[in-house]
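For reference, the structure discussed in these notes is given below.
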Amino acid sequence: MLSIQNLHASVGGKDILKGISLEVKAGEVHAIMGPNGSGKSTLSKVLAGRDEYEVTAGSVSYLGKDLLDLSPEDRAREGVFLAFQYPVEIPGVSNIMFLRTALNEIRKYHGREPVEAPEFLKLVREKTRILDLDESLLKRPVNEGFSGGEKKRNEIFQMAVLEPKLAILDETDSGLDIDALRAVSEGINKLKSSENAIIMVTHYQRLLDYIVPDFVHVLLNGKIVKSGNRELALELEEKGYDWIREELKEETA
Amino acid sequence: MTADFSQKSGLVKLAGLTGAGAFPGISEKAVKTLETLPFPDRKTEFWKYSRLDGVKSGSFTVAGNSFSLTEPDLEAVRFGSAETDRIVLEDGRLNQQMTAIHSGSPVRMLTPDQALELFPGLADRLTGGTAAIPDYFAELGKTSFSGFLILFLPAGKVQKRPVHLISYTTGTFSQPKLLVLSGKSSELTLIEHFTGKSSAAGFTNSDVRFLTEENAVVHHVRIVDEPAESAHIGRIEAWMQTNSVWNSRVITLGGKMVRNQITARLEGEGANCRMEGVYLATGSSHAENITLIDHQKPNGTSQETFRGILGGEATGVFDGKIIVQKGAQKTFANQSNKNLLLSDQATADAKPQLEIYADDVKCYHGATVGQLDETQLFYLQSRGIGKDMARALLTHAFALDVLRGIPVPAIVTWLDHQILDRLNSPVHFGEEE
Ligand SMILES: Nc1ncnc2c1ncn2[C@@H]1O[C@H](COP(=O)(O)OP(=O)(O)O)[C@@H](O)[C@H]1O
Ligand SMILES: [Mg+2]
């Protein structure tokens, strides 16, 4: 589904991604872990098409298309979804109107009719229940005045409505209490299928108790330096990242 | 007849003529003052941003006694299904034929004599100016070749249907003038709508005054949608008595040069003023708002919000002064001006001024000039919303801040659509239930 080859990206002349390669197949769940500042959010945003990051080398192919060639909106319409680490507040635009506009734009791209109001409302109600999201948040401006946890839930709520093929979740678990974590995990698990793939960026292996990854990758200083399975996440939780840094030194020595 | 602004003598002669609805004794003085005043230019402090070249070099016809408007001309200024009482001024003159006030409506039209009888202080108020220094266009406005249309809402009456006052220019020089007298505890919704023939290159120099007696409530909306080549100077002043409410929204949509001078004088204790506006200018047009909120008595509140949306090579100006007089303790005043630049060539000037002479007050102000937020744009795009639509959505939200306070939903929708259309937005956004 997604094939990242030797991806380099920089911002303001500073190299942040320094040769990332990653293969994600349909049905898989990948976890990306790594210390602060290692480039996890940058990778997520580059995949979603944020143009402040310049891709200086490498390629990304997604469902046979050159992903880097698509506008951010076309990536979304092709099924890429980024749950932001820091969801953006949009005063004056109601959550529900925003989501309906988004859904209809995606449908239009695929030659489908806009969703009728009753059908949309039904869909939205169902998803708010799964995420245990207060319905009053729907009428409020997008993310404005939402608590940290509400913002994260709102991201997953949007994902649930838009039903992407490739979901990139950037630290969706941070700042969530245990109930919220459970609700969010349920939302994510509902999306999981043999046709979809999920990339989860996380600091903690907490989320991985709920959504079991097939692969775990360690991102360090703009590179994936180690890949493994679920056990690797547990090891990282226990021992931190220093032992990996040590390993790397030994290899290069 | 013509008005030629490059030739003072002809203009003065014109100003000396007396039309219907003129108050006696005001014009003579104004004509004299006008003779001594030069045409303002960039060196005139009060006019330094305005682009008056088109007016100065222009020669405008002045409407005679005939009327030409027909129903189709007004088709474009209907607000969906909203029922209104309609008053039409054509080139500043009341067009009786096009005017339709419901028989059950409490609002009445008065002659100057009737108005003076009910409100004896009126003559003095009308002689006085909105500015301490005599101003060319204010004096011109006082001359009586065009008189006031006088609306009166008796004490305790509620005008449920909004009054829709259409001021239509066919491309002349005109001075539409309106006096709104709100009796005690009355409530009025008034929508003033300046518009005209799309090909018109006219000049409107307008005056509107509000007198709100104790506990009166006025919802005022002004839509300035002059033809693209027309110039518009509009002075609005509200004299607010004890505990009265004046909510004003001035929405500038069109005109080559639009200058709104809006003044609220909180003359009675506990008066409550909301002064808001959106100014949209594109192409090479100029939109300017010069506001003054004068807190004279204790316990008054004012909320001032202006939003500028500027595209093309347009220029926008906001000059907002708040005065809190010595006795006006416990005043609350809040002013906000935000400008959205949609192109690199558009400019916005913001000039907030606070003059506070009382010590127990709360006053705030803030002004910003900026572009659409890239982070917000990306967020919308990342959900599948195309760039043009994302821009429109954010611009819409920016204006809606002010629009949604207008108490007639059909007008909010109408204005919202107008703004998006003029920005060539690919869509309209409805408010969801
Ligand atoms: N827009 C930006 N401008 C400058 N530096 C940036 C920008 N975005 C990210 N960086 C830098 O790139 C590095 C990686 O950041 P990020 O991708 O957010 O890391 P992570 O998500 O792994 O914590 C950090 O050093 C960060 O300061
Ligand atoms: Mg991050």
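Throughout, read-outs are computed from the coordinates displayed, never taken from laboratory work. Everything quoted here is computed from the prediction, not taken from an experiment. Backbone-built Cβ (ideal geometry, glycine too); neighbour counts: all protein chains shown.
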Filtered hits (aspartates and glutamates, Cα-Cα < 12 Å from B:Lys326, offset >= 8 within chain) -> B:Asp294, B:Glu355, B:Asp359, B:Asp360
Among region A:56-94, those whose backbone N falls under 19 Å of a label point 7 Å along Cα→Cβ from B:Thr368 are A:86-94
Expressed in nanometres to one decimal, the distance between label points 7 Å along Cα→Cβ at A:Arg107 and B:Glu313 is 4.4
Partner shielding of A:48-55, as the mean number of partner chain Cβ atoms within 10 Å, equals 2
Counting other chain Cβ atoms within 10 Å of each Cβ in B:383-396 and taking the mean gives 6
Region B:2-372: Kirkwood hydrodynamic radius (Cα pairs, Å) comes out at 20.8
Per the Kirkwood formula over distinct C-alpha pairs, the hydrodynamic radius of region A:1-44 in angstrom is 11.6
Any DSSP H helix in chain B with Cα axial reach of 18 Å or more and mean Kyte-Doolittle score of at least -0.5? Listed by number, the hits are B:387-403, B:409-422
Simple spin-label estimate for A:Ser136/B:Ser185, 7 Å along Cα→Cβ, in nm, reads 3.5
One computes Rg over Rh for region A:2-252 from alpha-carbon atoms, with the Kirkwood Rh, and obtains 0.97
GluC sites (Glu not before Pro) in region A:88-126 lying in a DSSP loop, each with at most 15 other Cβ atoms within 10 Å of its Cβ, come to A:Glu116
Computed over region A:2-252, the relative contact order (Cα-Cα under 8 Å, seq sep at least six) in percent reads 28
Quick calc of log₁₀ I(q)/I(0), the protein assembly as shown, Debye, one scatterer on every Cα, no solvent, q values 0.06, 0.08, 0.09 1/Å, result -0.45, -0.71, -0.83
In whole angstrom, largest first, the equivalent ellipsoid semi-axes that the Cα gyration tensor gives for region B:373-433 are 22, 12, 10
Kirkwood-based Rg/Rh on the Cα set of region B:14-137 evaluates to 1.01
Whole-Å distance linking the alpha carbon centroid of region B:102-170 with that of region A:181-198 is 66
Listed by chain and number, the lysines with an alpha carbon less than 26 angstrom from that of B:Lys256, same-chain partners under 8 positions apart left out, are B:Lys8, B:Lys43, B:Lys48, B:Lys56, B:Lys142, B:Lys177, B:Lys197, B:Lys321, B:Lys338, B:Lys351
Residues whose modelled amide H sits under 5 Å from the amide H of B:Asp85, counting only those 5 or more places away in sequence or on another chain, are B:Val163, B:His164
With Rg from the Cα atoms and Rh as the Kirkwood inverse mean 1/r over Cα pairs, region A:134-233 has an Rg/Rh of 0.99
Here FRET efficiency (C-beta to C-beta, B:Asp4 to B:Asn334, R₀ 35 Å, nearest 0.05) is 0.20
Expressed as a whole number, the average count of other chain Cβ atoms within 10 Å around the Cβ atoms of A:154-162 is 1
A convex hull over the alpha carbons of region A:41-88 yields, per residue, a volume in Å³ of 79
What helix-only [θ] at 222 nm does the protein assembly as shown give? Using -39500 (n - 2.57) per DSSP H run of at least 4, over all residues, to the nearest 500, the answer is -8000 deg cm²/dmol
Region B:216-364: antiparallel bridges as % of DSSP beta bridges, rounded to 5, reads 0
